[in-house]
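Enquirer: Can you keep this structure in mind? I'll have questions shortly.
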Amino acid sequence: MSRPMSANFHDILAERGFIAQSTDAEIRARFAGPAPVTAYIGFDPTADSLHVGSLVPIMGLYWLQQCGHRPLVVVGGATALVGDPSGKTEARKMLSREDVQANAQAIARQIGSVVRFDDSATGAVLLDNADWLASLTWIDLLREAGPHFSVNRMLTMDSVKGRLEGNGISFLEFNYMVMQAYDFRQLYRSHGCTVQMGGQDQWGNIVMGLELARRTDEAHLAGLTFPLVTRSDGGKFGKSEKGNIWLSPERTPPYEFYQFWRNVGDADVRKFLGFFTTLPMAQVDALTAEGGAAINHAKEVLAYEVTRLIHGQAAADAAKASAQAAFSAAKDVSGDAIPHAALAAAELAPGIGILALCVKAGLATSNGEARRLIAGGGLSLNDQPVADDKRVVTPTDAVEGRLVIRAGKKRWFRFDIG
RNA sequence: GGGUAGAUUCCGGAGUGGCCAAACGGGGCAGACUGUAAAUCUGCUGUCUUACGACUUCGAAGGUUCGAAUCCUUCUCUGCCCA
């Protein structure tokens, strides 16, 4: 498979805002040659799903593949057993090996919806660093790799420094960067991998690997980091009322996923279109050229495109249709993508307290929270404001066999009576 | 090993016998305004309760007291310093 000569990977990344730092000025030339370049990104299998924060590196792999290079997806089966100290102020809990393996499988499936895995020259390859790290022995590792790591230097790494100033760092975590450096060299040896990419917090780890390979193998590897995605208003990216926005439809339903992107701030739309969609930048510029309310169209495109990429065309169509219906004047919330559940007529017949119904719908986590919601004027039933927290909902409240309760303007839940 | 400081509700961080479900800030939720935006203003932010109130919470377990997040004992964990 030959590479299309038109697009240089580095140019695309630069144009789309993906490059935070790179290890050498000539890195662009690495991607300009006729042969595919093999590059890797590591993912931590600390949960059974990635969240939207991981979408930046995933898109990095996507473009790498589109430009005719080969992505390696390294799941940190071994490193997850240790825990990355980067960006944390305290230790994370250790996971069992079974958990890590199950998580790794789930994560690989998610990446697979964006990146093609196969045996071709540009097909992505899934690897688990436990395959080479787990069998190492302590003494061999110390003798072979140990001399090439300067503790003085390691102590100056941001990832470590943060912890030295915080609650301390354990020896276990201190070894994380050694493991990751070892990974890079290992992938160079086994797969001819010459580039590692990652989030900006991975800079130190990437540099360690590069130095190790230079010292032991005289290899000239390169690294590239992606910027930390921030929100223009200073809030954390990828968080919502309910916490993280996940890629798995079980944790974050596609409708909610769509809504997350639909609700980004004006100032972030252009940046996010560059990061999280595959639309040509010329089109992105056209979409975001107009300011003011016109930006809403760009947000719809953003939400649709990202949802399509992760959850597929059908889910994106459904989410879009439901959102448009629900937020239009008619407030039609009959669509399948709107969060809903069946409610047995027999259960409703004797009457259900509005508080209980709220909790059942997941709009509040306790009766007290539901009560506060009502006190604040934020709850409505079938579009009628609910002012009385003692309100009992009966079958006569159902409209066309449905009960629609709404918390605030954006959170809905529908019960289908049956 | 020795010394010393600390562990508070989602986070940071006050509180050092009753006025503490616990200041203040952040975060979060809701209302107003809007464009399903931002900014701003307002209210709420342990559980149960119509309410009165009850119950659980201040690292863990015991104890003193009419009464403890606050005092005592032991334990666990952490920071810093010394050797």
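The values are calculated or read from the model by the stated rules, or taken from the named source; none is laboratory data. Because the structure is a prediction, the values reported are computed rather than measured. Using ideal geometry, Cβ is built from the backbone for each residue, glycine included, and neighbour counts are taken over all protein chains shown. Keep in mind that these areas ignore ligands, DNA and RNA; they rest on the heavy atoms of the full protein, side chains included. Shrake-Rupley method; radii C 1.70, N 1.55, O 1.52, S 1.80 Å.
Enquirer: Any idea which of (1) touching a residue at least 24 places away in the same chain (Cβ under 8 Å); (2) part of a helix (DSSP H, G or I) is the one A:CYS193 doesn't satisfy?
Expert: Status for A:CYS193: all satisfied but (2).
Enquirer: If you don't mind, another one. I need the full set of residues from segment A:349-359 which are near RNA strand B (Cβ under 10 Å from one of its atoms) and crowded, with 21+ Cβ neighbours inside 10 Å, in order please.
Expert: A:LEU355, the sole residue that qualifies.
Enquirer: May I pose another question? Could you check A:GLY162 against (1) part of a helix (DSSP H, G or I); (2) over 25 Å from the mean Cα position of the chain (by Cα); (3) at pLDDT below 85 and say which number it fails?
Expert: For A:GLY162, the failing item is (2).
Enquirer: Suppose the filter is within 23 Å of A:GLY17 (Cα to Cα), within 17 Å of the chain's Cα centre (by Cα) and open to solvent by 30 Å² or more (accessible area, probe 1.4 Å); does A:LEU309 pass it?
Expert: yes
Enquirer: Anything in segment A:389-407 that is part of a loop (DSSP other than H, G, I, E, B) and surrounded by 14 or more Cβ atoms within 10 Å (Cβ to Cβ)? List them, or say none.
Expert: Of everything in segment A:389-407, those that are part of a loop (DSSP other than H, G, I, E, B) and surrounded by 14 or more Cβ atoms within 10 Å (Cβ to Cβ) turn out to be A:ASP389, A:ARG391, A:ALA398.
Enquirer: Among the residues of segment A:109-124, are any in contact with a Gly (Cβ under 6 Å, 6 or more places away or on another chain) and of a type in the set (A, V, I, L, M)?
Expert: no
Enquirer: Mind checking whether some residue in segment A:315-324 is more than 16 Å from RNA strand B (Cβ to nearest atom) and surrounded by fewer than 18 Cβ atoms within 10 Å (Cβ to Cβ)?
Expert: no
Enquirer: Collect the residues in segment A:207-234 that are among the acidic types (Asp, Glu) and out of contact with any helix residue (DSSP H, G or I) (no Cβ under 8 Å at 6 or more places or on another chain), keeping them in residue-number order.
Expert: A:GLU218
Enquirer: Here is a further query. Pairs only if they're at least six apart or on different chains, beta carbon under 9 angstrom, first in segment A:311-330 and of a type in the set (S, T, N, Q), second more than 13 Å from RNA strand B (Cβ to nearest atom); list them, first residue then second.
Expert: A:SER322/A:SER334; A:SER322/A:ASP336
Enquirer: Separate question: Based on this model, can you work out whether A:ASP131 counts as open to solvent by 70 Å² or more (accessible area, probe 1.4 Å), under 25 Å from A:GLY60 (Cβ atoms), assigned by TED's automatic domain parsing to the domain that holds A:GLY42 and part of a helix (DSSP H, G or I)?
Expert: So A:ASP131 fits the description; yes.
Enquirer: Is one or more of the residues making up segment A:374-386 hydrophobic (A, V, I, L, M, F, W, C) and either in the same structural domain as A:ALA323 (by TED's automatic domain parsing) or surrounded by fewer than 14 Cβ atoms within 10 Å (Cβ to Cβ) (or both)?
Expert: yes
Enquirer: If A:GLY362 meets every condition in (1) open to solvent by less than 50 Å² (accessible area, probe 1.4 Å); (2) modelled with pLDDT of 85 or more apart from one, which number is that one?
Expert: (2)
Yes/no per residue for (1) open to solvent by less than 20 Å² (accessible area, probe 1.4 Å); (2) in contact (Cβ under 8 Å) with a residue 40 or more places away in the chain:
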residue	(1), (2)
A:ILE139	no, no
A:PRO147	no, no
A:VAL160	yes, yes
A:ILE169	no, yes
A:ASP183	yes, yes
A:LEU187	yes, yes
A:ARG214	no, no
A:ALA219	yes, no
A:ARG231	no, no
